Amino acid sequence: MTETTDHGTIESHSLEVESYPPSAAFKEQANLADPAIYWQAAEDPESYWSDQARKLRWSKPFTEALDWSNPPFAKWFADGELNVAENCLDRHVAAGLGDRVAIHFEGEPGDTRTITYGELAHEVKRAANMLTALGVEAGDRVAIYMPMIPETVIAMLAVVRLGAAHSVVFGGFSSESLRARIDDAKAELVITADGGFRKGRVSALKPTVDDALRLDDADGTPSTVQKVLVVQRGGNEIEMQPGRDLWWHEEITAYEGDHTPQGFPAENPLFILYTSGTTGKPKGILHTSGGYLTQVTTTHRDVFDLKPESDVYWCTADVGWITGHSYVVYGPLANGATQVIYEGTPETPDWGRWWSIIQKYGVSIFYTAPTAIRACMKVGRQVPEQYDLSSIRVLGSVGEPINPEAWRWYHEVIGGGRAPIVDTWWQTETGAIMIAPLPGLTALKPGSAQVPQPGISIDVVDDDGNRVDRGQGGLLSVARPWPSMVRGIWGDPERFVETYWSKFGDRYFAGDGARVDEDGDIWLLGRVDDVMNVSGHRLSTAEIESALVEHHAVAEAAVVGADDETTGQAVVAFVILKSQQQLVSEAEAEAELKKHVSGVIGAIARPKQVFVVTELPKTRSGKIMRRLLKEAAEGRDVGDTTTLADTAVMQTISQRVRTER
Ligand code: ATP
Ligand code: MG
């Protein structure tokens with residue numbers, strides 16, 4: 001625990017720590033089992049990353065790894081040339097792996113498709129020919145607004161095969177959000193679908209595209225979009241505007257599967273993707289080709305201990321988020337992995353859906369988010385226990401800190417007490433995993449992402465950029481450029497410099513609080529913007545939330561610091577109780593939980609108020625939006641809620657708070 005609270009350090013009252021070393025059997029077969037990898041990579045990170053990059057196919061080899069002559073604008077492998085789609089497809093087919101399954105697709109209504117690498121390469125080549133005929137060229141941007149179906153992956157790879165960049169917009173976004181992203185990127189082509197299946201019915205997409213393109217932007221200019229390509233999926237009735245809208249399945253028939261990939265410079269833009277908007281207006285993050293592909297491929301192989309010839313991998317993220325880009329599309333395909341893609345929601349037709357998919361395909365590596373794990377915990381272990389999950393050998397978590405309680409449940413109920421859990425910390429901006437255990441090497445600690453990846457240099461620092469001592473908390477920063485790092489905020493270089501580089505100069509400021517423990521392991525403490533200051537003590541949201549979730553009645557918790565006359569800020573907690581605990585009275589639950597937090601962490605962290613709620617405000621990627629809860633707790637009007645998955649949630653919560661005040 002830290003006593004000084006002035007230099008941007010965060011107090012930490014960490015809960016008791018267990019440790020789960022890798023089993024002898026796991027170590028025996030692990031891709032990485034020699035800890036020397038860490039110091040070898042640290043000695044010369046550029047040569048480590050060059051070795052990784054050379055595992056890809058370069059049409060023109062690079063001669064220099066990193067160019068940091070114009071910070072904070074990094075270039076990696078800049079004089080090399082490669083084709084990203086060729087690396088994900090043709091390379092495997094050429095190596096004789098054309099018959100390996102690339103995608104086991106499971107539609108929400110139960111329809112399935114199995115697509116081999118040979119077939120996927122063929123479809124991407126045809127699509128690339130079709131896009132060329134539609135005028136797509138290197139340097140263009142194409143907007144993609146799709147459900148989770150194979151054509152989404154095909155569209156992304158066809159775009160990048162031509163040297164153009166995609167901007168995937170999550171299918172849950174409104175016409176305004178879609179239009180803002182189309183305008184920002186000046187996309188001339190939109191690829192969409194009539195609709196996709198969600199929660200047992202068709203959720204329309206094309207009408208939202210129509211609305212988006214009808215809207216005039218602020219100065220009344222029409223959109224840049226010339227063509228809309230529509231995949232048939234939902235079967236819902238839609239309007240097709242003659243001259244603008246084309247059916248994918250009709251167009252594609254005219255094109256053959258011959259297409260020679262051209263190499264593009266390593267720094268050619270690969271995609272733009274907007275952050276989820278937890279801390280404010282989403283940022284259009286730009287990623288480029290060679291460095292990005294190098295780091296997603298390396299981390300996907302090493303962090304998940306991937307054996308492409310035998311594993312069946314499944315990442316549940318939507319392709320509209322960075323996790324879907326890096327660990328559904330580019331990492332797994334560049335590694336030649338076999339993966340599951342599922343279109344729908346986990347509760348359709350019932351909460352057994354995910355587990356039935358794991359059983360059906362023999363999924364061996366499963367990667368999901370804490371919010372989903374907590375939702376499954378809330379429903380109860382009796383559901384997954386009805387399925388055979390014995391194929392699972394590695395589990396992953398991403399998106400938020402995973403509370404130790406959720407970690408233990410995931411480990412025991414889903415992982416059979418055997419499968420290691422890799423808690424992966426990274427961001428849209430980092431492009432790939434930065435901090436995570438290596439499952440054959442790391443003794444796991446529930447709740448901690450633990451170790452920077454080989455070749456990645458992370459420090460926890462105080463406000464002045466000085467490294468904090470072990471046992472202390474501070475700000476997470478990346479000390480050296482990394483291959484898959486953000487290259488800029490699209491169209492806004494000033495915001496890029498201001499957001500990430502103005503705080504420490506050439507050190508990247510991640511915006512997250514973290515603590516280093518006595519072993520040097522890193523614990524994420526939540527957003528720096530969310531850190532609370534109670535009577536001069538800086539407290540972490542993640543630790544208080546973990547303490548609350550530790551209580552047997554609590555399914556999920558969010559904690560904020562609300563302005564308070566006497567203590568500066570006061571801890572205010574919002575909790576969701578487990579289904580079987582609904583009978584406990586709210587007053588009892590509140591009193592009990594305040595006492596519980598004092599007992600686990602200390603009196604300083606005791607919540608002043610505990611609100612029992614039925615939902616928490618979350619972004620569409622499932623992250624808790626604490627800044628809205630803070631506004632509600634302070635009795636202020638809740639501002640912009642457009643990035644929320646369910647905008648009604650905040651009304652209910654504000655009302656709940658108002659009756660109490
Ligand atoms: P915005 O930047 O617009 O507020 P966002 O940060 O939610 O949106 P992402 O880039 O998807 O958008 O999320 C990255 C953030 O998610 C990290 O900065 C961190 O706060 C959190 N995060 C991701 N993985 C982990 C993890 N394993 N442990 C703790 N926090 C995590
Ligand atoms: Mg962020």
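The values are calculated or read from the model by the stated rules, or taken from the named source; none is laboratory data. Model, not experiment: these values are computed from the prediction. Note: ideal-geometry Cβ built from the backbone for every residue, glycine included; neighbour counts use all protein chains shown. These accessible areas exclude ligands, DNA and RNA; they are computed on the full protein's heavy atoms, side chains included. Shrake-Rupley method; radii C 1.70, N 1.55, O 1.52, S 1.80 Å.
Under 5 Å between amide H atoms, partner at least 5 residues away or on a different chain: which partners does LEU66 have, H built in plane at 1.01 Å? Here the answer is PHE77, since their amide H atoms fall under 5 Å of that of LEU66. For the stretch 180-251, GluC sites (Glu not before Pro) are listed when DSSP marks them as loop and at most 12 other Cβ atoms sit within 10 Å of their Cβ; the list is GLU237, GLU239. Placing a pseudo-label 7 Å from each Cα along the Cα-to-Cβ vector at GLN262 and GLU137 gives an inter-label distance of 0.9 nm.
Once all protein chains are placed together, THR647 keeps about 70 Å² accessible to a 1.4 angstrom probe. Considering only protein heavy atoms, what per residue accessible area in square angstrom results for the chain with a 1.4 angstrom probe? Using a 1.4 Å probe on heavy atoms only, each residue of the chain averages 37 Å².
About the Cα centre of the chain, how large is the charge dipole given +1 on each Lys and Arg Cβ and -1 on each Asp and Glu Cβ? Please answer in debye to the nearest 20. Walk me through the numbers on the way to the answer.
On the way: 62 positive and 93 negative charges, 164 e Å.
Here the chain has a charge dipole of around 780 debye.
Spatially, the stretch 551-590 and the stretch 340-367 are offset by 32 Å when compared through their Cα centroids. Using a Förster distance of 22 Å, how high is the FRET efficiency between ALA443 and ASP469, based on the Cβ-Cβ distance and rounded to 0.05? Efficiency computed from Cβ-Cβ geometry: 0.50. Under the combined filter of DSSP loop state and at most 13 neighbouring Cβ atoms within 10 Å, the stretch 551-659 retains these trypsin sites (Lys or Arg not before Pro): ARG636. Taken one residue at a time, the phi angles of the stretch 245-250 give Karplus couplings (6.51, -1.76, 1.60, θ = phi - 60°) of 9, 9, 7, 4, 5, 7 Hz. Gly and Pro are set to x.
Note on ALA95 and GLU347: their simple-model spin labels are 4.2 nm apart, each label 7 Å out from Cα toward Cβ.
Can you tell me the relative contact order of the stretch 265-317? Whole percent, Cα pairs under 8 Å, sequence separation 6 or more. Show your work: numbers first, answer last.
On the way: 43 pairs, mean separation 15.4, N = 53.
Relative contact order for the stretch 265-317 comes out at 29 percent.
What FRET efficiency would be calculated for the residue pair ASP51, LYS281, taking the C-beta separation as r and a Förster radius of 35 Å, to the nearest 0.05? FRET efficiency, ASP51 to LYS281: 0.35. Rounded to two decimals, the Cα-based Rg/Rh of the stretch 417-469, with Kirkwood Rh, is 1.03.
With 0.36 nm allotted per residue and the present C-alpha distance subtracted, the LYS360-THR112 stretch has 88.1 nm of extension available.
Within the stretch 59-145, which GluC sites (Glu not before Pro) sit in a loop by DSSP and count at most 11 neighbouring Cβ atoms inside 10 Å? Intermediate values should be presented prior to the final figure.
Values: sites: GLU64, GLU81, GLU86, GLU106, GLU119, GLU123, GLU137; in loops: GLU64, GLU137.
Those that pass, being in a loop and sparsely packed, are GLU137.
In order along the stretch 380-396, phi translates into HN-Hα couplings of x, 6, 4, 6, x, 5, 7, 10, 8, 10, 5, 6, 5, 10, 9, 10, x Hz, rounded to whole numbers, per the Karplus curve 6.51 cos²θ - 1.76 cosθ + 1.60 with θ = phi - 60° and x for Gly and Pro.
Taking 0.36 nm per residue of sequence separation and removing the Cα-Cα distance, the GLN609/THR566 pair yields an extension gain of 14.0 nm. What is the percent of Cα-Cα separations in the chain that go past 44 Å? Percentage above 44 Å: 17.
Ordered from largest to smallest accessible area (heavy atoms of protein chains, 1.4 Å probe), the residues ARG487, ARG527, ARG467 come out as ARG467, ARG527, ARG487. Beta bridges from DSSP with both residues in the stretch 322-468: antiparallel share about 25 percent, rounded to the nearest 5.
Take every DSSP beta bridge whose two residues both sit in the stretch 510-653; close to 85 percent of them are antiparallel.
Spatially, the stretch 370-416 and the stretch 480-496 are offset by 34 Å when compared through their Cα centroids. Here's the list of aspartates and glutamates a cross-link from LYS283 could span, going by alpha-carbon distance under 18 Å and ignoring same-chain residues fewer than 8 apart: GLU176, ASP183, ASP184, GLU429, ASP492, GLU494, GLU498, ASP512, ASP529, ASP640. Evaluating 6.51 cos²θ - 1.76 cosθ + 1.60 at θ = phi - 60° for every residue in the stretch 531-544, the Karplus couplings come out as 4, 9, 10, 10, 6, x, 9, 8, 10, 9, 4, 4, 5, 5 Hz, glycine and proline recorded as x.
Once the Cβ-Cβ distance between THR221 and GLU494 is put in as r, and R0 is 30 Å, what FRET efficiency do you end up with, to the nearest 0.05? That pair, THR221 with GLU494, gives E of 0.85. Normalising the average separation of contacting C-alpha pairs (under 8 angstrom, six or more residues apart) by the number of residues puts the relative contact order of the stretch 33-87 at 30 percent. Amide H to amide H distances under 5 Å link TRP247 with VAL230, where only residues 5 or more positions off or on other chains count and H is placed in the peptide plane. Near THR338, the amide H atoms lying under 5 Å from its own belong to TYR313; only residues 5 or more places off or on other chains count, and H is placed 1.01 Å from N.
Separation of the stretch 93-148 and the stretch 244-309, taken as the distance between their Cα centroids, equals 12 angstrom.
Compare ARG214, ARG538 by solvent-accessible area with a 1.4 Å probe and give them largest first, with all protein chains kept in place.
On the way: ARG214 160, ARG538 50 Å².
Accessible-area ranking of ARG214, ARG538, largest first: ARG214, ARG538.
A P(r) calculated from all alpha carbon pairs of the stretch 540-661, with 5 Å bins opening at zero, reads 2, 12, 23, 25, 21, 13, 5, 0 percent.
Just the ratio, please: alpha-carbon radius of gyration of the stretch 84-241 over 2.2 N^0.38 Å, N its number of residues. Before the final figure, lay out each step's value.
Working: Rg = 16.2 Å, N = 158, 2.2 N^0.38 = 15.1 Å.
Dividing the Cα Rg of the stretch 84-241 by 2.2 N^0.38 Å gives 1.07.
Rounded to a whole number, what is D in µm²/s for the stretch 500-601 from Stokes-Einstein with the Kirkwood radius over alpha-carbon pairs (4 °C, 1.567 mPa s)? Intermediate results must be reported in sequence, preceding the final value.
Working: Rh = 15.3 Å.
In µm²/s, the coefficient is 84.
The simple spin-label model puts a point 7 Å past each Cα toward its Cβ; for TYR387 and GLU18 those points are separated by 2.3 nm.
Extension gain, ALA36 to GLU588, is 193.4 nm, computed as 0.36 nm per intervening residue step minus the present C-alpha separation. Taking the accessible area of the chain, probe 1.4 Å, and keeping the other protein chains in place, the carbon and sulfur fraction comes to 47%.
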